[in-house]
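Read-outs throughout are calculated quantities, based only on the coordinates presented, and are distinct from any laboratory measurement. In this text, all values refer to a predicted model and were calculated from it rather than measured experimentally. All Cβ positions, even for glycine, are placed from backbone atoms using ideal geometry, and neighbour counts span all protein chains on display.
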Ligand SMILES: [Zn+2]
């Protein structure tokens, strides 16, 4: 098995996952195939939807003498006539629905192995939301025990070990940690169907977050039994890679149609709000007039079209950097989902999410409503403002929200004020306080807010602004005329120098600007835009400012300065000795060669690549955070830019 991150956004990831039967792009959806009743044959699914992976139930095959015989003889792929990857379930859900199913936990794992399943699942204990803590604890204990015993039986099959723990986050996390310590390959999050059926999305989110916290980040995570597209974007943003859908068939049986925003009854629709091939071919009344079997089939096809379309939308959002926008839009369609989104505001969840949040994105941050201000990117900005930014001067002039970039918009005012007095300039923006030096940095310049923001955002912003301006001498913009000329302070601090110094500290941490800007500085600006491009220190090009996100790209000489100025392990990615020659040649760093890493590095941060003795080898840009670098066995961890030859 290989599993590697190709693109990422929020805590979601677009990965390449391979089994013996080929490569699968994640996030992805596994349609559930009932071997007794194949409404749409797997081959047909592959043709119509490009289905790369599906799931069938080994327990159903096992308990039917004929199917069992066939599966053992020719394998599960031939049995259901599908040559892509096949995951099998174990009967856990059946034992939850029908009570005791009399199944030997090891026997069913061996059976899945023997019929050639690509991913087999342990027979875990389904934890229900109604369980007492003791019951849930007992179930988790037994699940872990069964997982331990199942691992030696897996052979070449990938083994899925399901995280249980009912609605107790600490039990979920404990279960996830214990399972991650085993030679397991795949982690479903189980016992969540009752939460979904009752739209208990806030509890579902707590379960996912707790499991993710404890899980090995380098393994695929499957939200077991989650087949409604409504939940896909949020679950992906929290790091779920796989979903399975029996919903497409179940809902079709019941005359119901799935949509990105929820479910509609065919009987209630006068028009079909969809353009899939089914809804393009039939009108609502034509669909109703079909005979039951045909109608159910057509509804099932529609349900799959919508589900796969949502997966495509999510993958596009990950690649494009607009996954949070998608999550927030979808959540506004369902109040319970909206409540679930609010769970993420809690500091412990925000802090976890911030570790996975990319430093910069291809697209601007778009406001969708009161939840936007609580995104991890903005949380990071606010946190760093208090820990990494140092105002240069005593007096601060506060401007109201204006056109971006603010320093350009208010350039005349700045000039007039600076002639009288050396001060700091801050904009009270919709995103929080923004010192002028930072106004080109992601996401401050790369954000779009409406002219009028909601009350909740205003209150949140006010808190941050008040905290930021506390103990400072503050002059409101409309009081500027009262500023008296200070003859003694005629020597101005250069605004460009203030900008590069402040951004360096925000991006690399306090002390970075001193380390980088020690010497005679020459700033080269773009002739076309007038913006800062390259920074030369004592005749050497140390770093460049990127036009798209206002952050720095490190040159090797900038790396040398940071390496000298910032103590280990700051900004470092440590590679093993055997990787050293490759890095020196300029090759990128693969995760399996990472020995250690600064815990403060985030995906897409600039970093220093060093050997085990902390000798600088190269500079580059991270693709993973520390936990991921240390866990992943496949894929790139750092893209090397410039190395010491
Ligand atoms: Zn449709």
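Projected over every direction and averaged, the convex hull enclosing the alpha-carbon atoms of the stretch 587-645 yields 3.5 nm². Between helix 347-356 and the chain there is an angle of about 90 degrees, using the helix long axis and the longest principal axis of the Cα atoms.
Please report how far the C-alpha centroid of the stretch 296-371 lies from that of the stretch 553-577, rounded to the nearest whole angstrom. Cα centres, the stretch 296-371 to the stretch 553-577: 35 Å. Judged by the gyration tensor of its Cα atoms, with axes a ≥ b ≥ c, the stretch 214-292 is prolate; a/c meets the 1.5 cut and a/b is the larger of a/b and b/c.
The angle separating the long axis of helix 65-74 from the principal Cα axis of greatest extent in the chain is about 60 degrees.
Here the Debye sum runs over all C-alpha atoms of the stretch 204-349 as equal scatterers in vacuum, and log10 of I(q)/I(0) at q = 0.12 Å⁻¹ comes out as -0.54. Computed from the alpha carbon positions, the gyration tensor of the chain leads to an equivalent ellipsoid with semi-axes of 51, 29, 21 Å, biggest first.
According to the square roots a ≥ b ≥ c of the eigenvalues of the Cα gyration tensor, what is the shape class of the stretch 36-187, taking rounded for a/c under 1.5, prolate for a/b larger than b/c otherwise, and oblate for the remainder? Prolate, since a/c reaches 1.5 and a/b exceeds b/c.
Only beta bridges with both residues in the chain are counted; by DSSP, about 55 percent of them are antiparallel.
So for the stretch 518-645: antiparallel DSSP bridges make up what percent, rounded to the nearest 5? Within the stretch 518-645, antiparallel bridges account for around 90 percent of the total.
As a length-normalised measure over Cα pairs under 8 Å and 6 or more apart, the relative contact order of the stretch 1-156 settles at 17 percent. In the chain, the longest principal axis of the Cα atoms and the axis of helix 133-150 are about 80 degrees apart. Spacing of the modelled spin labels on residue 469 and residue 614, each 7 Å from Cα toward Cβ, amounts to 4.2 nm. For the peptides 401-411, 12-22, the ranking by mean Cβ contacts within 10 Å, running from highest to lowest, is 12-22, 401-411. Normalised radius of gyration (Cα atoms, divided by 2.2 N^0.38 Å) for the stretch 371-432: 1.27. Label sites at residue 496 and residue 576, each approximated as a point 7 angstrom past Cα along Cα to Cβ, lie 4.6 nm apart. For the stretch 14-57, relative contact order (Cα pairs under 8 Å, six or more residues apart, normalised by length) works out to 39 percent.
Looking at the square roots a ≥ b ≥ c of the eigenvalues of the Cα gyration tensor of the stretch 115-227, which shape do they give, rounded for a/c under 1.5, prolate if a/b is larger than b/c, or oblate? It is prolate, given that a/c is not under 1.5 and a/b is the larger ratio. Distance between the modelled labels on residue 416 and residue 114, one decimal in nanometres: 8.8 nm (7 Å Cα→Cβ projection).
Cβ neighbours within 10 Å, averaged per peptide: list 289-298, 424-433, 375-384 in order, most packed at the top.
Ranking, from highest mean packing down: 424-433, 375-384, 289-298.
Note on the stretch 307-433: percent of Cα-Cα distances in each 10 Å bin, starting at 0 and stopping at the bin with the largest distance, equals 10, 32, 30, 18, 8, 2, 0.
Across the stretch 99-197, C-alpha contacts under 8 Å between residues 6 or more apart give a mean separation that, scaled by the residue count, equals a relative contact order of 31 percent. What separates the Cα centres of the stretch 602-645 and the stretch 98-160 is a distance of 38 Å. Among beta bridges from DSSP that stay inside the stretch 1-110, the antiparallel ones total about 65%.
Just how many % of Cα pairs in the stretch 349-396 lie over 18 Å apart, if you round to the nearest whole percent? When every Cα pair of the stretch 349-396 is considered, 42 percent fall beyond 18 Å.
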